[in-house]
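Heads up, the thing below is written out as structure tokens.
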Amino acid sequence: MVLKHNNQLPNQHFRKDWQRRVKTWFDQPGRKKSRRIARVQKAARIAPRPVDGLLRPAVRCPTQRYNMRLRVGRGFTLDELKEAGIHRKVARTIGIAVDHRRRNKSQESLELNVQRLKAYKAKLIVFPRNPAKPKKGDSEAAEVATAVQYSGAILPVEQVAAAPEARAITADEKKVNAYQKLRYARSAARTLGAREKRARDKAEEEANKKK
């Protein structure tokens, strides 16, 4: 290697003490055990409430790329709770998450989550604070006695099939030329302004002739 000019000689540092900077993962089995113990302790602490926590709404993923997919959201809107007949202050006490910032942008999303709330409400068992003096809205003593802690996902979100069902093509559909139809539609959209102007001018000429 030929060096020119009065520059510093290359001196790469290849003798760093890299062993001290390596991250090890020897505590993985211990951490796994700690997480499992914490889950069991949490389940015992919140019993008889569901292990999964609060009921959450089904929402669409953001952006055009993923908006065909449903996922679990943060909380139900105030409109959804109103439609389901649940007060927003009562909702949190019976295991329903509330998000006052979210808005319903379509009737479909509103109806989907209202049905979700109604299904949850039908299966809900509300324990009385004082078993000797149950209040209005509390479950019956027989239901309370047989209740067990629910360990799975609360009403898991199911994807709605977007694709239409397969069927035979009808004779009328075979007669239609889709390409020609699209060409006519594009042409009509492109020449709309010119055609409207021509019709306006013709109407003005006829009006002038009558005068």
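Just give me the residues in region 160-185 being surrounded by 10 or more Cβ atoms within 10 Å (Cβ to Cβ) and at pLDDT below 90, in sequence order.
Hit for region 160-185 is Val160, nothing else.
Here is a yes/no grid of residues against (1) surrounded by 10 or more Cβ atoms within 10 Å (Cβ to Cβ); (2) within 23 Å of Pro156 (Cα to Cα); (3) free of Cβ contacts under 8 Å to residues at least 40 places away in the same chain:
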{"residue": "His13", "(1), (2), (3)": "no, no, yes"}
{"residue": "Arg31", "(1), (2), (3)": "yes, no, yes"}
{"residue": "Arg60", "(1), (2), (3)": "yes, yes, no"}
{"residue": "Leu78", "(1), (2), (3)": "yes, yes, yes"}
{"residue": "Val90", "(1), (2), (3)": "yes, yes, yes"}
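Identify all residues within region 46-73 that are among the aliphatic types (A, V, I, L, M), more than 20 Å from Thr93 (Cβ to Cβ) and assigned to a loop (DSSP other than H, G, I, E, B); write none if there are none.
Result: Met68, single match.
Here are the criteria: (1) in contact with a Leu (Cβ under 8 Å, 6 or more places away or on another chain); (2) free of Cβ contacts under 8 Å to residues at least 24 places away in the same chain. Tell me which single one Ala188 does not satisfy.
(1)
Among the residues that make up region 40-56, is at least one of them modelled with pLDDT under 95, open to solvent by 100 Å² or more (accessible area, probe 1.4 Å), under 30 Å from Ser109 (Cβ atoms) and out of contact with any His (no Cβ under 8 Å at 6 or more places or on another chain)?
Yes, region 40-56 contains a residue that is modelled with pLDDT under 95, open to solvent by 100 Å² or more (accessible area, probe 1.4 Å), under 30 Å from Ser109 (Cβ atoms) and out of contact with any His (no Cβ under 8 Å at 6 or more places or on another chain).
Does Ala145 satisfy the condition of being within 30 Å of Ala44 (Cβ to Cβ), of a type in the set (Gly, Ala, Ser) and open to solvent by 40 Å² or more (accessible area, probe 1.4 Å)?
Spelling it out, Ala145 is indeed within 30 Å of Ala44 (Cβ to Cβ), of a type in the set (Gly, Ala, Ser) and open to solvent by 40 Å² or more (accessible area, probe 1.4 Å).
The values are calculated or read from the model by the stated rules, or taken from the named source; none is laboratory data. Since this is a predicted model, take the numbers as computed values, not measurements. Methodologically, a virtual Cβ is constructed for each residue, glycine included, from the backbone with ideal geometry; neighbour enumeration extends over all protein chains shown. Each accessible area value is taken on the protein alone, full model and side chains, heavy atoms only, with ligands, DNA and RNA left out. Shrake-Rupley method; radii C 1.70, N 1.55, O 1.52, S 1.80 Å.
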